[in-house]
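**Q** Pasting a structure here, questions to come.
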């Protein structure tokens, strides 16, 4: 290990060097198309917010939840532009973590690694829990049988200290393990299956919007801001969780063809689809049902299916929506689990975690050990942690990560002015500054307990770094601190298109 002060080590930046073989050691196969990548983004987002977050967000904001969707969408849109520039300039795995390492140094990268690992790990568990509700609803509607509560609901801490609810959310565990098997088989195969599921998802949600608006009642939008601005902000924080898919696109930087063009196109395209479908379905849900419907905890599970059932008086349409949700929310779990494994792959390549996470199967070109470990941890979260404890925890990791991407844009423009940027963010420097402000506004609305959980997690991450990561970092092999700080290198060759 070179002689270097702790301060210099914490500030050192990873050099930006691109070659035809873009890294020494393990490689991932570049076989994803722009369309598949865009479907990754849509697959990771549409479904989480619309299928079951309405039950969490509407009670907080009332009809003004539409404003909450707009605020969350605005913050995500601004962030998407920031991601597009960095992804085109630095098309590697690791997304926000990798950008932070290149732009702001090792310590910031470690903190951001903690944020995105929390973001993806908890998000996948939360989505799996939500999927379980739709799966049970589908069983009830098709064969008249439901899984017993003991096997379909996570344990819930009781007021007297004794747990209530069930023993394990078994469908959530099974879903995560199925996604694990798909990812181990290969990224391109997973991408094809995901694209099919996304198209089913969009068709089902368009169907819901059309039927929902047939029951339009203007009274449902009365007392629009009755919950106050604080409620709007709190709901926006919860809803923001569902825009995590934009980050998932950037995690595939090393597995897409022509990444410098494909990444910006996929990110912006996914955002446009996501924002449009979210607003349409949220407005249709409120048009059909009053706020009190969403405040009723009995309607929390599979709420959209219940709306269709009550509008049409026929279980057929609600069964179609439940089936679509079961199929399509599968894609959310698949993509967020994928994102987690690729971020760990990048961290492992930098030596900050054991290099076992870097091992790639020579047959499938996927990080098998990495995927199995992530799936086991996420399955435990989905099986034993109620979704109420997961939503805002995901949002805080996402918001901090998005803020760092925006700050990274400003830093990189100053420290790397000559870096090739196939996509340049419009309205610089206003756009990244607005991104940070929008994220801070949503963070302000999160509950204090969310900040406590986040603080404890980041403390654990930093302890691991100081006792293990900094001693095994790949940058320790550099002998010249100036070499570490110098961002030299070549562009990815055109023949990778």
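**Q** So how do 420, 137, 119 line up by other beta-carbon neighbours within 10 Å, fewest first?
**A** Least to most surrounded, the residues fall as 420, 137, 119.
**Q** Further question on the same structure: Can you list, largest first and rounded to whole Å, the semi-axes you get for segment 118-276 by taking the square root of 5 times each eigenvalue of its Cα gyration tensor?
**A** In descending order, the three semi-axes are 29, 26, 19 Å.
**Q** Using 0.36 nm times the number of residues separating residue 196 and residue 5, minus their current alpha carbon distance, what extension gain do you get?
**A** That works out to 63.6 nm of additional length.
**Q** Here is a further query. Over segment 214-318, calculate the relative contact order: mean separation of alpha carbon pairs under 8 Å at least 6 apart, over the residue count, as a percent. Display every interim value, and only then the final one.
**A** On the way: 53 pairs, mean separation 36.0, N = 105.
Contact order relative to length: 34 percent.
**Q** With each run of n ≥ 4 DSSP H residues scored as -39500 (n - 2.57), what mean residue ellipticity at 222 nm is computed for the chain after dividing by its residue count and rounding to the nearest 500 deg cm²/dmol?
**A** About -21500 deg cm²/dmol.
**Q** Hey, another quick one. Return a whole-number percent for the relative contact order of segment 270-370, with Cα pairs under 8 Å and 6 or more residues apart as the contact set.
**A** Relative CO of segment 270-370 lands at 12 percent.
**Q** Just rank 378, 400, 67, fewest to most, by other beta-carbon atoms within 10 angstrom.
**A** Ranked by crowding around the Cβ, least crowded first: 67, 400, 378.
**Q** Using 7 Å Cα-to-Cβ label points, what is the residue 449/residue 476 separation (nm, one decimal)?
**A** According to this spin-label approximation, the distance is 4.0 nm.
**Q** Mind sorting out which of [x] 30.0, 98; [y] 22.1, 74; [z] 26.9, 92 is the real Rg and Dmax of the Cα atoms in Å computed from the coordinates?
**A** For Rg and Dmax of the Cα atoms in Å, the calculated option is [y].
**Q** Using R₀ = 25 Å, calculate the FRET efficiency as 1/(1 + (r/R₀)^6) where r is the Cβ-Cβ separation of residue 312 and residue 223; round to 0.05.
**A** 0.35
**Q** Follow-up. Normalised by the residues of the chain, what does the relative contact order come to in percent, with Cα pairs under 8 Å and at least six apart?
**A** For the chain, the relative contact order is 35 percent.
**Q** If you don't mind, another one. Percent of Cα-Cα pairs per 5 Å bin, from 0 to the last occupied bin, for segment 315-474, please list those.
**A** Going out from 0 Å in 5 Å bins, segment 315-474 shows 1, 7, 10, 13, 16, 17, 16, 11, 5, 2, 1, 0, 0 percent.
Quick note: the coordinates plus some simple rules give every number you see, no bench work behind them. Predicted, not measured: the structure shown is a model, and the values here were computed from it. Every residue, glycine as well, gets a Cβ built from its backbone with ideal geometry; the counts of neighbours run over all protein chains shown.
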